[in-house]
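Everything below concerns the one structure shown next.
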Amino acid sequence: MRNKLSVMMTVPVVLSLLAGCSGGTPQVNETKPASTPAGTQKPAETAKVPEPAKTGKTTVQFWHSLGGKNLEYMDGLIKRFNESHKDIEVVGTYQGSYDETVTKLQQAIAAKKGPDITMLERAYVEFFADADVLEDLNPYLKSSNLSEDIFVPGFMGHSTFNKKLVSLPLNRSTPIMHINKTLLDEKGLAIPTTWDELQKVSEALVVKENGQYKRYGMTMPYDTWYPIAMISQAGGKFFSDDKKTVGFVDNGVGLRMFKFLKDLQSTGALYYPPAKDSGEITNQMFIDGKVGVFYQSTGNIGSFSGIVKFNYVTAFLPKDKVFANPTGGANVAMLSSAADKKAAWEFMRWMETDPQGGLQFILQSGYLPFTKAMVESKEIKELWAKEPNRKTAYDQLQYAVDTNKSVAWPEVNKEFLSASEAIMYDSKDIQTTLSSFKKETDRILSK
């Protein structure tokens, strides 16, 4: 494990380049805390474990990446747990964005000062599991008369590693299509279900005056999440099945996907934003009616519903050959170094299965229900009946795919972002750029 941890410590430099980009990294409204509610530790400049409260209780340290309103909701969850458990006190610590949490976690593990439980963006689970620092949760599930079958299958793709159950879903999301149906209705357009329909709708929505685009057809944030979805929709895979190379370059899938985007970009049918502040920029464009179709996380439904002045609906991402979408958001994991694993598991079990735990957090935050019991609950059914836009992402889980699972994902993701920038910003030759990306990825995967 010492060698693996040494390798882990070389990656924070890479992660620092990925903030806001890693295919499921939370949107800005999820990572900027408006305040620090009582009972929640303030973000630390470096990874720190607060001193246990002198209460005679067993203290469980829990690190997470939820800011803003979601920080308040998580603080409420922790408070409900502490009030219902006389012998355990959970201390929740906000550690910044997903990437910042990963970097601090690496440092803390190497210094043997890690928390008991941590939130991990789902694409980084394998990275830590490979270093043998995550506890196998199978025995704990069994001891509580539970099994993996209680969870929604579409969210379990990043939970297992080498036959071990190393994380459980919590704040999970998917990309969906957000639609300004008022604009579509004005043009007599139907919600697109295929790439061809998407192109026609997006081109029809463009408004250009005096050489300037006043309205674009569609947009999406700068991120690898959406291209990965489209690679899968075109019949490709990000990594090959043996994980020795990528599965979308030599077969022409990557060329088709990027050519489709570039063709849309050339007519104003697609606005591809700058990398910096892309989430804020594209969110505001959608709110202001300057774009009709928007690829964005399901986690934005709540904020859009209360702001937009038009008929707002959600829909599945359109298919090319097939419907397909990645999942995003984060899981929770117990570190193998946890001081009191029994107490740590009690918090995880309660958070995952108790109606006062994760269910209340899901209802408040807008993240997706992650257990079958939640899906069948009266509260979720009533919510979906009242706000059908929220059900779209859950229904789309039947097409969930996670093809970017690899211990080397952080490094490869950086290279894919560079290739995407060269194509989308600098109009470099698509196939040449992808071939260079594949060559570099093959080198990384061969380490």
Output the relative contact order of the chain, whole-number percent, from Cα pairs under 8 angstrom with separation of 6+ residues.
23 percent
Evaluate the charge dipole of the chain about its Cα centre and quote only its size in Debye, nearest 20, assuming +1 on the Cβ of each Lys and Arg and -1 on the Cβ of each Asp and Glu.
120 debye
Among T160, L189, S173, whose Cα sits farthest toward the positive end of the charge dipole of the chain (+1 at Cβ of Lys/Arg, -1 at Cβ of Asp/Glu, about the Cα centre)?
T160
Cross-link reach list, lysines versus K321, counting only Cα pairs under 20 Å and skipping chain neighbours closer than eight places:
K200, K237, K259, K262
Just S337, S97, S202 to compare: in a GNM of the chain, with alpha carbon springs under 10 Å, which one fluctuates most?
S337
Phi angles of the range 163-171, converted by Karplus (6.51 cos²θ - 1.76 cosθ + 1.60, θ = phi - 60°) into ³J(HN,Hα) in whole Hz with x for Gly and Pro, give 6, 9, 8, 9, 7, 10, x, 9, 8
Partner lysines whose C-alpha sits under 16 Å from that of K386, ignoring same-chain residues fewer than 8 away, are K378
Additional length obtainable on full extension of the chain from D426 to V322, 0.36 nm per residue less Cα span
34.5 nm
Using amide H atoms built 1.01 Å from N in the peptide plane, name the residues 5+ places from F151, or on other chains, whose amide H lies under 5 Å from its own.
K372
Rounded to one decimal in nm, the spacing of the 7 Å Cα→Cβ label points at A110 and Q356 is 4.1 nm
On full extension of the chain, what length is gained from K208 through K181, given 0.36 nm per residue of separation minus the C-alpha to C-alpha distance?
7.7 nm
For the range 291-398, report the accessible area per residue in Å² (1.4 Å probe, heavy atoms, rounded to an integer).
37 Å²
Can you give me the distance in nm between label points at K57 and S240, each placed 7 Å from the Cα along the Cα-to-Cβ direction?
5.3 nm
List the residues whose amide H sits under 5 Å from the amide H of R172, counting only those 5 or more places along or on another chain, with H placed 1.01 Å from N in the peptide plane.
A330, L368
How high is the FRET efficiency from A339 to L146, r the C-beta distance, R0 30 Å, rounded to 0.05?
0.85
Of the accessible area of the chain, computed with a 1.4 Å probe and all protein chains kept, carbon and sulfur make up a percent value of 50 percent
Using the Karplus curve 6.51 cos²θ - 1.76 cosθ + 1.60 with θ = phi - 60°, what ³J(HN,Hα) values do you get for each residue of the range 413-419, in whole Hz, with x for Gly and Pro?
4, 4, 5, 5, 4, 5, 5
With springs only between Cα atoms under 10 Å apart, run a GNM on the chain and tell me which of I109, I231, I176 wobbles the most.
I109
Can you tell me the alpha carbon radius of gyration of the chain divided by the globular rule-of-thumb value 2.2 N^0.38 Å?
0.97
Percent antiparallel among DSSP beta bridges with both residues in the chain, to the nearest 5?
60 percent
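Restricting to DSSP loop positions (anything but H, G, I, E, B) with no more than 14 other Cβ atoms inside 10 Å of their own Cβ, which GluC sites (Glu not before Pro) remain in the range 356-447? List each step's numbers first, then the result.
Details: sites: E376, E379, E382, E411, E415, E421, E440; in loops: E376.
Those satisfying the criteria are E376.
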If amide H atoms are built 1.01 Å from N in the plane of the peptide, which residues on other chains or at least 5 residues away come under 5 Å of the amide H of R215?
V207
Can you tell me which lysines have their Cα less than 18 Å from the Cα of K341? Leave out same-chain residues fewer than eight positions away.
K57, K86, K112, K113, K142, K164
Estimated inter-spin distance, K163 and S418, nm [label 7 Å along Cα→Cβ]
3.8 nm
To the nearest 20 Debye, how big is the dipole of the range 317-447 about its Cα centre, given +1 on the beta carbon of each Lys and Arg and -1 on that of each Asp and Glu?
240 debye
Scalar couplings 3J(HN,Hα) for the range 176-187 by Karplus 6.51 cos²θ - 1.76 cosθ + 1.60 (θ = phi - 60°), nearest whole Hz, x for Gly and Pro, are 9, 9, 9, 10, 8, 5, 4, 5, 5, 5, 4, 9
Which one, M424, Q398, A338, is farthest towards the positive end of the dipole of the range 308-447 when Lys and Arg carry +1 and Asp and Glu -1 on their Cβ?
Q398
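The values are calculated or read from the model by the stated rules, or taken from the named source; none is laboratory data. These figures come from a predicted structure and were not determined experimentally. Positions of Cβ are backbone-derived with ideal geometry, glycine not excepted, and every protein chain shown enters the neighbour counts. Just so you know, the surface numbers come from the protein's heavy atoms only, side chains and all, with ligands and any DNA or RNA stripped out. Shrake-Rupley method; radii C 1.70, N 1.55, O 1.52, S 1.80 Å.
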